[in-house]
Amino acid sequence: MTAKRMAQTPDPGIRAFIVQPVLSLKGEGRERVFVPSLEEKIEEAKGLAHAIWLEVIGIDMPRVARPSPGHFLGKGTRERIAAVVAQEKPDVVIVNHSLTPVQQRNLEKEWQAKVIDRTGLILEIFGARAQTKEGQIQVALAALEYQKSRLVRSWTHLERQRGGTGKTGGPGETQLEIDRRLISDRIAQLKKDLERVRKNRDLQRRSREKVPYPIVALVGYTNAGKSTLFNRLTGADVFAENLLFATLDPTMRKVRLENRQEIILADTVGFITALPTHLVAAFRSTLEQVQYADVILHVRDISNSAHEAQKEDVVSILGDMGIEYESDPRIIEILNKTDALNAEQKADALRRASFAERTVPVSAVKGEGVEALLAAIQKIVSAGRRTVSYHIKPENGQALAWLYDRGKILDRKDELEYITLTAELDLADAGRFQERFGIQPVQEDVIYDTQKQIHG
């Protein structure tokens with residue numbers, strides 16, 4: 001079963017049986033800000049399966065008081081699931097938890113079926129979604145790191161010995177050792193390739209900064225509607241189905257605001273509960289957009305019963321990136337999917353947003369609230385900048401070049417005696433221009449206070 005096969009065939013007939021372990025808080029792994037309920041875990045597991053169009057034929061929820069080192073699940077549970085697998089014959093059994101290589105191999109032997117854990121399933125989705133060169137390299141890198149940990153000596157086909165040349169290893173090198181070395185070499189090469197791609201992206205980013213276009217980054221829990229909102233704001237045709245991890249590549253488009261200010265809107269990968277650390281690292285570029293963004297749009301699925309818990313998870317991850325959610329003036333909280341609420345719930349969401357700072361209710365599907373959102377973005381990106389018009393003599397090429405280099409040119413009118421140039425400048429640059437060239441502005445707009453609130 002490959003990600004490519006599943007991604008290209010919406011109904012491939014691949015049947016999956018989900019095993020959702022029920023563990024105590026102590027057995028959940030690393031400490032979280034919140035612990036999802038069993039119902040939320042099951043829905044998320046089904047969502048992950050549906051993200052690559054697997055048909056879920058059944059779910060088992062065994063209680064696990066103490067995970068078995070060799071099998072993770074107890075003997076009685078394994079036997080019960082083995083009977084179900086023998087009868088239903090699913091193509092894959094998904095264990096919605098991390099498994100060690102030994103545990104995964106032993107379960108496959110006992111159940112006589114392909115077993116995939118949570119990390120492996122997410123990797124399948126990543127492989128199906130990544131489209132850009134960088135995204136594909138990151139998927140391959142994460143997959144190889146995962147595969148490397150799955151190489152264990154107990155697999156008989158890896159226990160063979162063979163001689164070799166300088167490139168294939170010395171006499172007596174096992175197939176296991178060769179496979180590990182080949183994977184390590186491939187990982188090293190992919191890291192070099194990724195670094196080259198990132199350097200190229202950094203050059204592109206520096207070029208954008210010189211324009212300059214403010215960066216507006218969309219973040220949020222996966223399936224919150226980020227890509228749908230992205231399409232609504234940009235008119236782009238980004239893949240935006242009701243699937244987990246619908247977006248894995250940093251997608252960027254230019255948007256013009258009402259005041260003619262142009263911005264770059266960046267869509268990012270969605271957050272998810274207990275995403276394995278090495279997978280987050282592998283997709284660092286989709287999160288880098290957030291760290292240097294001028295505006296951060298946190299898209300929330302307000303219709304989801306777990307939306308408060310999802311918010312806490314996003315806030316926690318942003319905090320790990322050095323972004324203080326409550327105090328960062330760049331953040332706008334978007335209460336999305338208001339169209340999915342009943343009348344009373346929608347009225348309550350609108351009421352709460354009216355009293356909250358930097359909160360905008362929207363329906364990305366219907367377009368409701370989008371104008372208010374764009375106005376909120378405009379207030380932040382306009383903070384500390386002014387729009388000014390100058391009369392400049394045609395022969396004063398240095399002044400013209402200075403404005404084109406430092407500002408955002410909004411309008412130009414060429415007349416006989418002078419050129420009327422309207423530009424948006426930083427406050428400091430507006431002062432520098434006047435001091436250097438002695439040219440007074442003929443018209444300027446209101447200067448926005450950087451501390452001014454959206455609803456102020």
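Structural remarks
- Matching residues in the range 409-437 - criterion: being over 22 Å from GLU258 (Cα atoms) and among the charged types (D, E, K, R): ASP414, GLU415, GLU417, ASP429, ARG432, GLU435, ARG436
- Residue in the range 395-404 that is surrounded by the fewest Cβ atoms within 10 Å (Cβ to Cβ), counting only those that are part of a helix (DSSP H, G or I) and in contact (Cβ under 8 Å) with a residue 24 or more places away in the chain: GLN398
- Residues satisfying the stated conditions in the range 373-414, i.e. farther than 26 Å from SER354 by Cβ and of a type in the set (Lys, Arg): ARG385, ARG386, LYS393, ARG406, LYS408, ARG412, LYS413
- Total residues in the range 337-389, condition surrounded by fewer than 19 Cβ atoms within 10 Å (Cβ to Cβ), basic (Lys, Arg) and part of a loop (DSSP other than H, G, I, E, B): 1
- Only listed residue being of a type in the set (Val, Ile, Thr), modelled with pLDDT under 95, out of contact with any Lys or Arg (no Cβ under 8 Å at 6 or more places or on another chain) and surrounded by fewer than 17 Cβ atoms within 10 Å (Cβ to Cβ), chosen from VAL33, VAL22: VAL33
- Test for ALA224: is it part of a loop (DSSP other than H, G, I, E, B), at pLDDT 65 or above and under 18 Å from the mean Cα position of the chain (by Cα): yes
- ALA293 meets each of the listed conditions (1) at pLDDT below 80; (2) buried (at least 21 other Cβ atoms within 10 Å of the Cβ); (3) in a loop (DSSP other than H, G, I, E, B) apart from (1).
- Top-ranked residue of the range 422-456 - restricted to ones that are among the aliphatic types (A, V, I, L, M) and at pLDDT below 60, ranked as nearest to PRO329 (Cα to Cα): ILE454
- Selection count where residues are outside any strand (DSSP E or B) and in contact with a helix residue (DSSP H, G or I) (Cβ under 8 Å, 6 or more places away or on another chain), scope the range 406-420: 2
- Residue within the range 73-92 that is under 27 Å from the mean Cα position of the chain (by Cα), within 21 Å of MET61 (Cβ to Cβ), assigned by TED's automatic domain parsing to the domain that holds GLU39 and not in a strand (DSSP E or B) present: no
The values are calculated or read from the model by the stated rules, or taken from the named source; none is laboratory data. Source: prediction; values computed, not measured. Because the Cβ atoms are built from the backbone with ideal geometry, glycine has one as well, and the counts that use them run over all protein chains shown.
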